[in-house]
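Below is one structure, written out as C-alpha cells, with a few remarks after it.
The values are calculated or read from the model by the stated rules, or taken from the named source; none is laboratory data. This is a predicted model, so every value here is computed, not measured. So basically every Cβ, Gly included, is an ideal-geometry build from the backbone, and we count neighbours across all protein chains shown.
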C-alpha cells in the first residue's frame, strides 16, 4: 500500500475536552506540512517541548471562535506574517495565543501533531 500524503490544507473544527460551557469555543486546526513539522521538531531539540507545543499551535491554528477574556469580551483571532527559510506564511499571533490556557495549548498541539503524522493503521501497513 502506498503512503498517504499529509492532508495539507485540510482543516477541522475542534473543541477542547476542558470546555464545559454550553456554547463551546471552536478551534479550527490544520495539519502541519512536513517541512514545517520537521523545522519545529528540530527547534524543539534546543528549546524544549513547551516551546514546541506553542509553535505547533501557532502554525496549526487557522481560526478560533467563542473565546472570551476574563471579563467576557470576545477575543479576536489574529494572524501575523512570518518569514521562514522557505518563504512567508501566516500564523496565529502571539498576541492571540496568550489568551489560550496552557493545558488547552498542549491539547491543541497534540491534536495538530496527530493530524500531521501517519495514522497508526497506515504505519502498520508499512511494516
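Scanning the stretch 67-74 turns up no residue that is closer than 24 Å to residue 117 by Cα, out of contact with any strand residue (DSSP E or B) (no Cβ under 7 Å at 6 or more places or on another chain) and either in a strand (DSSP E or B) or free of Cβ contacts under 8 Å to residues at least 60 places away in the same chain (or both). In this structure, is residue 118 in a loop (DSSP other than H, G, I, E, B), in contact with a helix residue (DSSP H, G or I) (Cβ under 9 Å, 6 or more places away or on another chain), modelled with pLDDT under 95 and within 30 Å of residue 2 (Cα to Cα)? Considered against the rule, which asks whether it is in a loop (DSSP other than H, G, I, E, B), in contact with a helix residue (DSSP H, G or I) (Cβ under 9 Å, 6 or more places away or on another chain), modelled with pLDDT under 95 and within 30 Å of residue 2 (Cα to Cα), residue 118 comes out as yes.
Answer with yes or no whether residue 32 is closer than 12 Å to residue 112 by Cβ and not in a loop (DSSP other than H, G, I, E, B). Considered against the rule, which asks whether it is closer than 12 Å to residue 112 by Cβ and not in a loop (DSSP other than H, G, I, E, B), residue 32 comes out as no.
Listed here are the residues, each with its yes/no results for (1) more than 11 Å from residue 116 (Cβ to Cβ); (2) crowded, with 16+ Cβ neighbours inside 10 Å; (3) without any contact (Cβ under 8 Å) to a residue 60 or more places away in the chain.
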residue	(1), (2), (3)
4	yes, no, no
8	no, no, yes
14	yes, yes, no
17	yes, no, no
21	yes, no, yes
28	yes, no, yes
38	no, no, yes
43	yes, no, yes
